[in-house]
Amino acid sequence: MTYSGDDFYCDMALSGKVKINIVAETEHVLAFHHTKPFWPVHIVVIPKAHVPSFTDLGEHDE
């Protein structure tokens, strides 16, 4: 799979290029407070492996 380099979560959050406030972390997922929250509590949970989208996981397991 070729990575296009246009994913904020992979490029910035997971790489450490932007400061995030981590809520929880496991081997496979990262949860953190949104960098520009819309609600008073706005937590983002993302996989640590790049996937094309949540509707198309590519070669990754559910």
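The values are calculated or read from the model by the stated rules, or taken from the named source; none is laboratory data. All of these numbers come straight from a predicted model, not from anything done at the bench. Here the Cβ positions follow ideal geometry from the backbone for every residue, glycine too, while neighbour counts run over all protein chains shown.
Annotations for the structure displayed:
- For the stretch 25-38, a residue qualifies if it is surrounded by fewer than 13 Cβ atoms within 10 Å (Cβ to Cβ), over 17 Å from V51 (Cα atoms) and either touching a residue at least 24 places away in the same chain (Cβ under 8 Å) or under 12 Å from the mean Cα position of the chain (by Cα) (or both), and exactly one does: E25.
- In summary, H50 fulfils each of the numbered conditions (1) more than 21 Å from D6 (Cβ to Cβ); (2) in contact with a helix residue (DSSP H, G or I) (Cβ under 7 Å, 6 or more places away or on another chain) with the single exception of condition (1).
Here's the yes/no breakdown for (1) at pLDDT 90 or above; (2) in contact with a Gly (Cβ under 9 Å, 6 or more places away or on another chain); (3) assigned to a loop (DSSP other than H, G, I, E, B); (4) not charged (D, E, K, R):
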| site | (1), (2), (3), (4) |
| --- | --- |
| S15 | no, no, yes, yes |
| I20 | yes, no, yes, yes |
| P37 | yes, no, yes, yes |
| P40 | yes, no, yes, yes |
| V45 | yes, no, no, yes |
| S53 | no, no, yes, yes |
| D56 | no, no, yes, no |
| H60 | no, no, yes, yes |
